[in-house]
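The values are calculated or read from the model by the stated rules, or taken from the named source; none is laboratory data. Since the structure is predicted, the reported quantities are computational estimates derived from the model, not experimental observations. When we count neighbours, we look across all protein chains shown, and the Cβ atoms used for this are built from the backbone with ideal geometry, even at glycine. Heads up: the accessible areas ignore ligands, DNA and RNA and are worked out on the full protein's heavy atoms, side chains in. Shrake-Rupley method; radii C 1.70, N 1.55, O 1.52, S 1.80 Å.
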Number of protein chains: 2
Amino acid sequence: MQSVELTNLYKCLCDVLRLRILNLLKEGPLCVCHLQEILGETQVKTSKQLQYMKKLGVVGARREGVWMVYSLPEPTHPVLLANLHCLQADTDGFGDLIGDLKKRSVILRRFAANPGECPPAVYQATDGCQG
Amino acid sequence: MQSVELTNLYKCLCDVLRLRILNLLKEGPLCVCHLQEILGETQVKTSKQLQYMKKLGVVGARREGVWMVYSLPEPTHPVLLANLHCLQADTDGFGDLIGDLKKRSVILRRFAANPGECPPAVYQATDGCQG
DNA sequence: TCTGCATATACTTCTTATTGCATATATTAA
DNA sequence: TTAATATATGCAATAAGAAGTATATGCAGA
């Protein structure tokens, strides 16, 4: 493992939007459109940041039907995990992070109600970390 | 504490030279010229990276005579410390880091022999972490 | 004041990121 | 094949960072 350069991890973490994305992916895989919905960002911006991180090997992607499912690679680099974990504690100016996770939960419940709105891999990620 | 934005920390960590500098400062304060000597980099390059990190509030600086002594601010952001700590473990392509610390020790011993080659604050940092 | 050492700044060039807009691709369903 | 949805890419403009050369500043000692 850890073919990922540490500096690449930090390159991803040093932008707030990427940080928010990684914080979400830590809980489970998500498609571009759902990240977009949670983050309140445009499709292009979201997609491009994902491309950026994918090129650096920090996130992985696979197609499922119409959707591209993005996720943290397994096994995820321990340094990345450790930092994402810290984020929860350090909420200076990052109120978004917890709000993002709440929005994610809402969306996941919506998927449970009507699958077909996302690929199986996404709504199967039923970790109920935060309600 | 922690007026430092997390993203600023990561901005500093995502460059190898800055990473090496922080790794050194973790052990104690150093002047530009000594960092320069340990890192094998030019004065301008070293100085500029220090300016960059100073502007982001990640390192502090004070003048002592001819020298500018750079150091990690007290108290140092826990996330920064945690990451610098991880570096020791994760040595993929970072053989430099340990080598840097060894060079630092050599230099510190030299200072002990003849002070006047550096400001007091530097050679007084006698943490003998690695020999 | 002049010299020398340590450090910073100005200026230029080059590369890398960021963003938006428009458009293309891929997949599925009709 | 066509339409609709999800996603990616190309292009252009701008900003931010990196690196080098030259030069300036700040301090100490003669």
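If you go through the stretch B:13-68 and keep only what is touching a residue at least 40 places away in the same chain (Cβ under 8 Å), assigned to a helix (DSSP H, G or I) and away from every other protein chain (no Cβ under 14 Å), you end up with B:LEU24, B:LEU25, B:HIS34, B:GLU37, B:ILE38, B:LEU39.
Across the stretch A:67-105, the number of residues qualifying as open to solvent by 60 Å² or more (accessible area, probe 1.4 Å), at pLDDT below 95 and among the hydrophobic types (A, V, I, L, M, F, W, C) comes to 2. Only residues that are within 27 Å of A:LEU87 (Cβ to Cβ) and surrounded by 14 or more Cβ atoms within 10 Å (Cβ to Cβ) were counted in the stretch B:51-66, giving 8. Inspect all residues belonging to the stretch B:37-49 and state whether any of them is within 28 Å of A:LEU17 (Cβ to Cβ) and within 11 Å of DNA strand D (Cβ to nearest atom). Within the stretch B:37-49, one or more residues are within 28 Å of A:LEU17 (Cβ to Cβ) and within 11 Å of DNA strand D (Cβ to nearest atom). When the stretch B:74-86 is limited to residues that are over 10 Å from B:LYS26 (Cα atoms) and not in a helix (DSSP H, G or I), the one that is farthest from the other protein chains (Cβ to nearest Cβ) turns out to be B:GLU74.
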